[in-house]
Amino acid sequence: MSQLSANLEKLRVEVKGKVVVPGDSNYDEVRKIWNAMIDRHPAVIVRCAGSGDVQRAIAFARENKLEVSIRGAGHNIAGNAVCDQGLMIDLSTLKNVRVDVQKKRAFVDPGCTLRDFDEAVQAHGLATPVGINSTTGIAGLTVGGGFGWLTRKYGMTIDNLISAEIVTADGSLRRASENENPDLFWAIRGGGGNFGVVTSFEFGLHSVGPEILAGLMVYPFAEAKQVLRKYREFMESAPEELNIWVVLRQAPPLPFLPETVHGKEVVVLAIFYSGEISKGQKMIEPLRSFGNLHGEHIGAQPYAQWEQAFDPLLTPGARNYWKSHNFIDLSDGVFDSIIKYAGKLPSSQCEIFVGCISGAANRVASDAMAYQHREVKYILNVHGRWELESDDKKGIGWARDFFQDSAPFASGGAYVNFMTEEEGDRVAAVYGDNFNRLSQIKNKYDPENFFHLNQNIKPGKG
Ligand SMILES: Cc1cc2nc3c(=O)[nH]c(=O)nc-3n(C[C@H](O)[C@H](O)[C@H](O)COP(=O)(O)OP(=O)(O)OC[C@H]3O[C@@H](n4cnc5c(N)ncnc54)[C@H](O)[C@@H]3O)c2cc1C
């Protein structure tokens, strides 16, 4: 028996959760993540049952000189949740959400998906801004920033984080908040998985819904420029309860679209309004004259249901390659670039989307926490997605070419949660003026760069 196997026997007894290793019947299932392009083989997976297991896993990795990756819900495009030959700290089975309705607070486990979170808090008519695909993990989303339909009104996910429990590289379990380890709290709000393993998040909540107004309006691709221009103008004065994102893709076979449109390039406005439904109905009326609508499907529905609306287009198991830019303004130049590349999508699942985050997120100081780009109003995602490995070259080439073509119109920086593994050279740009402070805090809490399988911030003296 090798030394590692002998140590594993001890680890199995010590942890409350499960230890999974190559050869176990569930090994392939447990190491799989959302992006099928990532196919890595950890030597050990610790499916943690709580903070104690995380501490034990860290000690085990140190004793056995194993690299460590951290997995929330395994959605990140870069695939850093899973490692080759190292130890994966798997939090995905930790799914409890406790809601303090009086104080409007939620205490959330790190394995929760957005669906787990939304459904638990919406049971009380509460919510906080999170992303737009319900199978995404709350943990990775939060430590990278987090934005979604409610961001214009209530800011980024991190703007609503009140405290966290975190196991740092030395194995200590610490609390981080404005009053406890405030430097650590500053760093984990955007600094990704660089500073330790968050084992609990405390969020502030807002009254939302449960019914909101939401849906889609779909326009001809030939009218894309006009629709995009009108969208830009409309969003300049839109109230913050209203959020609209633009998606350019081939039309899925949605029942409210004529069959002749299915599979054709279209421009979609995805519309969300969290105020009074009748007010929202009036507010969105002008959108109908943005172009000659192919069709629309919009109405009152539960917020938690709308949070799942895009899940069928974003199922796990496809090959995904993304590129992303930040924008302060949307220029005609970027519209031309978007239209050019939406006109040559390499697969029926590829899309270009522009998410709007203007509003509350822009009112936070850029040095208030690690997430820096508070001037950004729109985030563009070049979402390359296909099924076959043989299509990688074509799809990746398209995404990279579009990224280059649209770069001159972007405002710089990047959103860390949308970055692929190869984009390590963009990390400094993600954090801008906050980068030096982050590397100092990294030096304090993780001087050996124990947590380095991430968009890495190296320890430094500043
Ligand atoms: C289909 C899809 C839609 C998306 N939509 C949005 C959106 O609307 N808005 C948005 O903001 N983002 C969105 N994202 C991006 C998303 O925020 C990131 O992919 C995020 O990292 C996912 O978190 P996870 O826990 O599922 O990921 P994982 O892959 O499990 O983790 C990602 C990384 O986060 C770190 N991490 C995870 N858990 C912890 C923890 N407990 N403690 C410390 N570090 C941890 C680790 O470094 C890990 O490598 C989307 C992603 C996808 C694939």
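What the table below lists for this structure:
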quantity: Reachable lysines, given that their alpha-carbon falls under 18 Å from the alpha-carbon of residue 323 and they are not under 8 places away in the same chain; calculated: 340, 344, 377, 393, 394
quantity: J(HN,Hα) series, the range 129-146, from Karplus relation 6.51 cos²θ - 1.76 cosθ + 1.60, nearest Hz, glycine and proline x; calculated: x, 9, x, 9, 10, 6, 8, 5, x, 5, 5, x, 4, 5, 5, x, x, x
quantity: Listed residues 401, 329 arranged by accessible area, highest first, probe 1.4 Å; calculated: 329, 401
quantity: Length-normalised contact order for the range 362-462 - Cα pairs under 8 Å, 6+ apart - percent; calculated: 25
quantity: Whole-Hz couplings from phi, Karplus 6.51/-1.76/1.60, listed for the range 357-369; x for Gly and Pro; calculated: 10, 5, x, 3, 5, 7, 8, 8, 5, 5, 9, 5, 7
quantity: Accessible area of the range 135-180 divided out per residue, in Å², using a probe of 1.4 angstrom; calculated: 27
quantity: Mean ellipticity per residue at 222 nm, deg cm²/dmol - from DSSP H runs of n ≥ 4 across the chain, formula -39500 (n - 2.57); calculated: -7500 deg cm²/dmol
quantity: Probe 1.4 Å - accessible area at residue 225, Å² to nearest ten; calculated: 60
quantity: Proximal aspartates and glutamates to residue 103, defined as alpha-carbon separation beneath 16 angstrom and excluding residues fewer than eight positions away on the same chain; calculated: 202
quantity: Length added when fully stretched, residue 25-residue 41, from 0.36 nm per residue minus Cα-Cα; calculated: 4.4 nm
quantity: Ranked order, 336, 90, 425, 392 - accessible area, probe 1.4 Å, largest first; calculated: 425, 336, 392, 90
quantity: For residue 17, net neighbour charge (Lys/Arg +1, Asp/Glu -1) across residues whose Cβ lies under 14 Å away; calculated: +2
quantity: Inter-probe distance in nm under a simple model that places probes 7 Å from Cα toward Cβ, at residue 9 and residue 101; calculated: 5.2
quantity: Karplus (6.51, -1.76, 1.60) ³J(HN,Hα), θ = phi - 60°, over the range 13-25, in Hz, Gly and Pro reported as x; calculated: 6, 6, 8, 7, x, 10, 10, 10, 10, x, x, 5, 5
quantity: 1.4 Å probe accessible area per residue over the range 356-397, in Å²; calculated: 40
quantity: DSSP bridge pairs, the chain: antiparallel proportion in percent, nearest 5; calculated: 90
quantity: The range 21-178: relative contact order in percent, alpha carbon pairs under 8 Å with at least 6 residues between; calculated: 18
quantity: Kirkwood Rh, Cα atoms: Rg over Rh of the range 234-391; calculated: 0.96
quantity: Within straight-line cross-link reach of residue 95, aspartates and glutamates at Cα separation under 13 Å, skipping those fewer than 8 residues along the same chain; calculated: 109, 116, 118, 119
quantity: Added length on full extension, which subtracts the Cα-Cα distance from 0.36 nm per residue, residue 49 to residue 64; calculated: 3.3 nm
quantity: Candidate residues 458, 442, 377: accessible-area rank, largest first, probe 1.4 Å; calculated: 458, 377, 442
quantity: Simple label model, 7 Å out from Cα along Cβ direction - residue 233 to residue 32, nm; calculated: 4.9
quantity: Portion, in percent, of the accessible area of the chain that falls on carbon or sulfur, probe 1.4 Å; calculated: 50
quantity: Gain in span if fully extended, residue 401 to residue 177, counting 0.36 nm per residue against the direct Cα distance; calculated: 76.4 nm
quantity: Residues with amide H under 5 Å from that of residue 294, placed H, sequence gap 5 or more; calculated: 218, 219
quantity: Average Cα contact separation per residue, the chain, under 8 Å, 6 or more apart, as relative contact order %; calculated: 16
quantity: For the chain, the spread of Cα positions along each principal axis, largest first, Å; calculated: 69, 53, 42
quantity: Residue-level accessible surface for residue 124, protein heavy atoms, 1.4 Å, Å²; calculated: 90
quantity: Accessible area (Å², 1.4 Å probe, nearest 10) - residue 13; calculated: 120
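The values are calculated or read from the model by the stated rules, or taken from the named source; none is laboratory data. Every value quoted in this text rests on a predicted model; they were computed, and no experiment measured them. All Cβ positions, glycine included, derive from the backbone under ideal geometry; neighbour counts span all protein chains shown. Ligands, DNA and RNA are excluded from the accessible area calculation, which covers all protein heavy atoms including side chains. Shrake-Rupley method; radii C 1.70, N 1.55, O 1.52, S 1.80 Å.
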